[in-house]
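Trainee: Have a look at this one.
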Amino acid sequence: MHHVTISTTGIFNAIRPSLFPPIEGKETTTFLLGLDFNTGGIIPFYDEEQDDVVVNGPHVELERQRIRAFVKAVCEEMGKPFEECRSAFLFSLPEFIRYGTYNGQPLLEKPRTGEYEVYVLYKSHRGRKLLFQKGRPPKDEVQYVFDNMLRHFITTLFSDEGTYGHLSDVKHIETPLSLGVLQQSLEDIKDADEDIFSEGVDAFSVPNHYVMTEPTQVHSEFLLLADALGAYMVQAMDGETESDALKTLSRDRLLQNICESMYKMYMGPSEEAAIGVYDECERWLNPLIRQCWNSQYTMVRRTLQQVPTYDDGVLGYVKEQKVFPLVAQVIQELSTSNLGVELHPRVHQYKQYLDVLVPYADRVEDLYRKRYVGVGDDPFGMNKADDMPPVDVELCCHVYCALDACQRAIRVERMYHNVIPIVNFLDDLVAHADIPSPDSWQYEYMLKVGRLSKWYRALAYAFTGRSEAESLFKELIQAQEKDPLEYENCSDAFIYNLANPSSAFDLKYLQLALLHFYVETDNRVGYERYIETMYPPLFSMRFDWISQMHVLLNENGHEAEDEYIEGNHYWNYTNAVFLLWVKAVWHFHLDHMDQACWDELGTLWDATYENPNYQRHTQDNYAYLECVKYMVKLAVHFGDTRRAELYKRNLQTLIDEEYKFGWAGTALGYPWNASDYSIMAQINESLGKLDLAKEQYDKAYALVSFAQDKWRYFEGKHGNIWDLPIAVDPEASQPTLTEWLTNYTPKFSTIDEYKKALVSWMSYVFH
């Protein structure tokens, strides 16, 4: 549930004095803000003795008490009435808003349920040009500006592109003035789209004063807090120009944590606070946001022509914080979806990239119609030949398909050896590409294609056991260190994310890939020589693997910079890193490990299994499965049958939960995927349950051989364009899982035969 309180600063003090006096020298700095206490979808509380819904609910009422306790604590410590403690109040405000504490101590016995967010709209010195009858008193004009600004604020938040446009749990909005304007704005929104408010939004007037007497019937606690936040923001504004002051405010630590964009995530996440502006620039900024939200990229190009080249007033801030990230996101999306490569141009290259990418999709569609459908140009198409610089569409399509094939071969079909002819093809394209200049879009494009080709080649070599993988990983690491290329990485799942193009540009991934290769090839010298560069907080202990274990599983909270994270001892744990560590122990330190060391490891692992801060199994699932596999192997090695069986049961329960809704293979007796069967087969083999292990190895083999047959069909259908060394039949029918598994019979008689056959698919990080 969202409980929103409207507050104001600056010129609006003429019609509504803030509960915090204006900051001296900044009396005209004007904000309209909505302080949102979000209880996280809690159902509103109903009082049977009242006709109205007690929209506050128990958690909101508890928060009112907490605010009163906060005010009281500040006053008691200062030994002064509230009116004389406002500076101290503002000083302690960030701690209270973020954690609900004062001087590190809780204010109430019950902890806070909910968190604060704020939506901020700054009125520039110019503001928006509004039609207003001349000769009216200044107070009336201020009221007129506020009413329009409030209507714009509410309408934006509840628009299709707005943050609240997709929510149904905004229950309460309170305002100290212009209740009628607020109510009318909500009614207009509802009339335009009834689905926005599933249960309605209640608007309330809140008294513009605060009473310290307890208990109080004056529910202005949130207004007091919102007014304090407004004063805090005005105080934090610093700079010679409006743009500089807004930039400074957007970097404030408190605002970075609580200030949210008035729009949905129309652009990539930013570390800076998303402060909206009320200015003439909204006339083209709002349409630009709408067009991006609706993927109207041709219109985006046209609207961008309205953006001034100068940076007067708030324009510098708007362009840097709003327009540039928006354009960058558009280019990122268009390049990823149409080229298969994520591009990140510099600001001065934006127009060049857009001029290429926006018409490119139409060009590709046109090529497809002509070649495969036999249709000519679209008579309604807007893009002409001279609308776009010359682009080799066929080359770009070849690159896209090749990169897609590499990802499919690695992630889906596990046909690692088939990647090599594809990357040979890519390397040839890169070698013969015509690059106009280093400042062209082609330069970044081909540079990234070259890196991606090397990454997929390195993976293919690693999975097939070729030693050349080491030098390729090193070349990629050195290239990213010397000339880092930007690529968004949205996942921490190392193993699952291997085939994702972003991995080729993530230094941590590259280092992990090399270190895993060293472990898998029993190269202890190479591993120990390189380990410290990969994860300094962990491996600065050099080869003290017991201390490393404690850092991973117990004692690393002291390294956190944030006071909140400091209490979470598991903040920097990842399954990928722990897997690397436990594999290294198994390969290199098993002879150095005694029973006491194992008991210590098992105890730490067991203690954190149910810890909600850990949630090991929720990220990088494959890495987690491998972690458990090695924990079972270690338990068996030290004769700890109880732990080995416990780990196996927990893992099997987890896998079953992943497939609780089933998939195509469930009805055929194959409820898991090939990786799950392979890992569980290794676990059961370690436990001596050889018949069950053999059965699971067989099921893993059945599924991966089906994937191989799908690959043959796919390549045969497309004429084996990569010249892969596989037999294909262009006339073959598409294989189905049902047919394949129905006709499948066990292929080998021993576990060793299955393991030898599976090594082509289950190797490297799965070995």
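Trainee: In the stretch 298-316, how many are touching a residue at least 60 places away in the same chain (Cβ under 8 Å) and not in a helix (DSSP H, G or I)? Lay out the reasoning, then the answer.
Mentor: Within the stretch 298-316, the first condition is being touching a residue at least 60 places away in the same chain (Cβ under 8 Å), and the residues that meet it are 298, 311, 313-316.
Then keep just the ones that are not in a helix (DSSP H, G or I); that gives 311, 313-314.
The number of residues fulfilling the criteria is 3.
Trainee: Moving on to the next point. Restricting to the stretch 647-680, count the residues that are within 21 Å of Trp605 (Cβ to Cβ) and either touching a strand residue (DSSP E or B) at 6+ places or on another chain (Cβ under 7 Å) or without any contact (Cβ under 8 Å) to a residue 12 or more places away in the chain (or both).
Mentor: Adding up the residues that qualify gives 3.
Trainee: Ok, one more. Hey, among Glu280, Glu333, Glu320, which residue is of a type in the set (D, E, K, R), at pLDDT 90 or above and more than 30 Å from Leu254 (Cβ to Cβ)?
Mentor: Of the residues listed, the single one that is of a type in the set (D, E, K, R), at pLDDT 90 or above and more than 30 Å from Leu254 (Cβ to Cβ) is Glu333.
Trainee: Also: Are there any pairs, at least 6 apart or on different chains, whose C-beta atoms fall under 7 Å, with the first in the stretch 238-254 and on the phi > 0 side of the Ramachandran plot and the second hydrophobic (A, V, I, L, M, F, W, C), and if so, which?
Mentor: Gly239/Ala245
Trainee: Out of Val120, Val60, I need the residue that is in the same structural domain as Thr29 (by TED's automatic domain parsing) and at pLDDT 95 or above. Which one?
Mentor: Val120
Trainee: Take the conditions in contact with a Phe, Trp or Tyr (Cβ under 9 Å, 6 or more places away or on another chain), closer than 23 Å to Tyr116 by Cβ, touching a residue at least 12 places away in the same chain (Cβ under 8 Å) and among the charged types (D, E, K, R) and apply them to Glu221. Does it pass?
Mentor: On the way: in contact with a Phe, Trp or Tyr (Cβ under 9 Å, 6 or more places away or on another chain): yes; closer than 23 Å to Tyr116 by Cβ: yes; touching a residue at least 12 places away in the same chain (Cβ under 8 Å): yes; among the charged types (D, E, K, R): yes.
It is true that Glu221 is in contact with a Phe, Trp or Tyr (Cβ under 9 Å, 6 or more places away or on another chain), closer than 23 Å to Tyr116 by Cβ, touching a residue at least 12 places away in the same chain (Cβ under 8 Å) and among the charged types (D, E, K, R).
Trainee: Within the stretch 454-490, can you find the residues that are touching a residue at least 40 places away in the same chain (Cβ under 8 Å) and of a type in the set (Gly, Ala, Ser)?
Mentor: Within the stretch 454-490, Ala458, Ala460, Ala462, Gly465, Ser467, Ala469 meet the criteria.
Trainee: Considering Phe89, Phe82, Phe146, which residue is of a type in the set (Phe, Trp, Tyr) and in contact with a Phe, Trp or Tyr (Cβ under 7 Å, 6 or more places away or on another chain)? Show your work before the answer.
Mentor: Working: Phe89 fails: in contact with a Phe, Trp or Tyr (Cβ under 7 Å, 6 or more places away or on another chain); Phe82 fails: in contact with a Phe, Trp or Tyr (Cβ under 7 Å, 6 or more places away or on another chain).
Only one candidate qualifies: Phe146.
Trainee: May I ask you to list the residues in the stretch 739-754 that are surrounded by 12 or more Cβ atoms within 10 Å (Cβ to Cβ), free of Cβ contacts under 8 Å to residues at least 12 places away in the same chain and within 19 Å of Tyr670 (Cβ to Cβ)?
Mentor: Glu739
Trainee: Here's a check for you: in the stretch 695-733, which residue that is exposed (fewer than 14 other Cβ atoms within 10 Å of the Cβ) and charged (D, E, K, R) is nearest to the chain's Cα centre (by Cα)?
Mentor: By that ranking, first place goes to Asp723.
Trainee: Same structure, new question: So, of the residues in the stretch 496-507 that are modelled with pLDDT under 90 and within 17 Å of the chain's Cα centre (by Cα), which turns out to be surrounded by the most Cβ atoms within 10 Å (Cβ to Cβ)?
Mentor: The residue in question is Asn497.
Trainee: Restricting attention to the stretch 68-124, report how many residues are basic (Lys, Arg), in a loop (DSSP other than H, G, I, E, B) and buried (at least 16 other Cβ atoms within 10 Å of the Cβ).
Mentor: Counting residues in the stretch 68-124 that are basic (Lys, Arg), in a loop (DSSP other than H, G, I, E, B) and buried (at least 16 other Cβ atoms within 10 Å of the Cβ) gives 1.
Trainee: Quick one: which of Thr653, Thr736 is loosely packed, with under 12 Cβ neighbours inside 10 Å and β-branched (Val, Ile, Thr)?
Mentor: Of the residues listed, the single one that is loosely packed, with under 12 Cβ neighbours inside 10 Å and β-branched (Val, Ile, Thr) is Thr653.
Trainee: Here's something else I'd like to know. Please go through the stretch 255-271 and pick out each residue that is closer than 20 Å to Arg98 by Cα, at pLDDT below 85 and among the small types (Gly, Ala, Ser).
Mentor: Ser270
Trainee: In the set Asp238, Asp312, which member is in contact with a helix residue (DSSP H, G or I) (Cβ under 8 Å, 6 or more places away or on another chain) and at pLDDT 90 or above? Walk me through how you get there before you give the answer.
Mentor: Working: Asp312 fails: in contact with a helix residue (DSSP H, G or I) (Cβ under 8 Å, 6 or more places away or on another chain).
Answer to the check: Asp238.
Trainee: Evaluate the stretch 227-240: report whether one residue or more is in a helix (DSSP H, G or I) and surrounded by fewer than 18 Cβ atoms within 10 Å (Cβ to Cβ).
Mentor: yes
Trainee: Here is a follow-up. Restricted to the stretch 398-433, and to residues that are touching a Phe, Trp or Tyr at 6+ places or on another chain (Cβ under 6 Å) and among the charged types (D, E, K, R), which residue is nearest to His718 (Cα to Cα)?
Mentor: My answer is Glu413.
Trainee: Let me ask you something else. Ala664 is checked against (1) under 32 Å from the mean Cα position of the chain (by Cα); (2) closer than 27 Å to Phe494 by Cβ and fails just one. What number does that condition carry?
Mentor: Of everything listed in (1) under 32 Å from the mean Cα position of the chain (by Cα); (2) closer than 27 Å to Phe494 by Cβ, Ala664 misses just condition (2).
The values are calculated or read from the model by the stated rules, or taken from the named source; none is laboratory data. Note that this is a predicted model, so its numbers are computed, not measured. With ideal geometry, Cβ positions are generated from the backbone for all residues, glycine too; neighbour counts draw on all protein chains shown.
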